[in-house]
Amino acid sequence: MKINSNFNNLVPNYLFADVSRLTNEFIAANPDKNVIRLGIGDVTLPLAPVVVDAMKKACDDFLHQSTFKGYPEYEGYDFARSAVSDYYQSFGVIVQPDEVFISDGAKSDCGNIGDIFSQDNTVLIPDPVYPVYVDANIMAGRNIIYAPSGESEHFLPMPNKKIKADIIYLCSPNNPTGAAYNKEQLTEWVNYALENDAIILYDAAYEAFISEGLPRSIYAVENARYCAIELCSLSKTAGFTGVRCGYTIVPHELIREGKKLHDLWYRRQATKFNGVSWAVQCGAAAVFSPEGQRQCRSNIEYYHENAALIGSMLDELGIYYTGGKNSPYIWMKCPFSMSGWEFFDYLLKNAAVVGTPGEGFGSCGNGFFRLTSFNSHEKTAEAVERIKSLLS
Ligand SMILES: *Cc1c(COP(=O)(O)O)cnc(C)c1O
């Protein structure tokens, strides 16, 4: 027996463990300091009541023989797939219900989708970005190249025509930078993918935070249906990080080597995944109902208001940042040419505010720092005051 030796190539990532250990040590040594966490990468507001009602009602179905549910469909119930399709239509993007695969979240799909692609493909991954894409492809033994980004491109890497890639991960609005592509930029990526016969894996987990009229889906771009799979989730849209539900869209036009990628993904899911619970899918459909949308949008608005508080403080201080407007994340340049970790210590010791060092999201994250809007208005406002008086 041999282990998958690709695991030996993973770089340990202790980012969140280190942040939490250092924070706890600081709290233990300074019990009088009221530490405020702006490093939270998880939603904090409760679920929309209409969603919880739908899930409770669905649970009752399990009580009676006539409404009892066994195994769900691997690809999701028709009503849930149609709800996603209708949601896309509400922002002008046509996706057929049978192109939607309901899943337990976008993280699983971001990694699992690799099952349908050869190990021989070269994968292009933006830097900085959500670490799951890198680790999943290291485990699969694929060659990884990076699309580096920094202040000069406002953390929106664009294709380099000299580099050939087969699989391209894009995340817009991005975690951690909050930067979001416009239609012209996405069109460049789609054209690059088509020229290279590549597939884009488009992570739209934060699409619901887009507020500036930017594309909510890669399929807003012409011909993207010939080169892109879209992964999305209700985690940030509707606070489903604990409930677990996402969806992946595989258009019928995606054909490589005579095979429909849609059929490959169906076969993969049917083999290794037994579908999402009836109750969760009923809750997901409620998210897309008119009342569900009103309630979920109001939570997103709450986070936007926090992001705006942080953004105006940085504007006042003259500190460069991306994000905030189309994202729950603000990605700020560390003052005094500090590294992310140096600024982490400085901010914790002098303002008792916790954020996340940029280094944890790729080497291009060095010198940057992620603040999030996933806290209360009161605590965010207090943290903003403390940072302002520290850095003015
Ligand atoms: C939070 C997040 C997801 C969602 O993951 P789930 O498994 O659906 O909770 C996907 N991609 C990115 C970049 C994220 O930050």
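Things to note:
- Of residues in the range 13-70 being among the small types (Gly, Ala, Ser) and closer than 30 Å to LEU371 by Cβ, the one farthest from the chain's Cα centre (by Cα): ALA29
- Residue satisfying condition, being over 17 Å from CYS110 (Cα atoms), open to solvent by less than 20 Å² (accessible area, probe 1.4 Å) and in contact (Cβ under 8 Å) with a residue 24 or more places away in the chain, within set PRO148, PRO157, PRO176: PRO157
- Residues being farther than 14 Å from PRO215 by Cβ, of a type in the set (Phe, Trp, Tyr) and assigned to a helix (DSSP H, G or I) - total across the range 77-100: 2
- Taking the conditions (1) farther than 26 Å from ILE163 by Cβ; (2) touching a helix residue (DSSP H, G or I) at 6+ places or on another chain (Cβ under 9 Å); (3) not hydrophobic (A, V, I, L, M, F, W, C) in turn, GLY213 satisfies each one other than (2).
- With respect to the stated conditions, TYR192 is farther than 26 Å from ILE330 by Cβ and open to solvent by less than 10 Å² (accessible area, probe 1.4 Å).
The values are calculated or read from the model by the stated rules, or taken from the named source; none is laboratory data. In this text the structure is predicted, and so the values were computed from the model without any measurement. Note: ideal-geometry Cβ built from the backbone for every residue, glycine included; neighbour counts use all protein chains shown. In case anyone asks, the SASA skips ligands and DNA or RNA and just uses the protein heavy atoms, side chains included. Shrake-Rupley method; radii C 1.70, N 1.55, O 1.52, S 1.80 Å.
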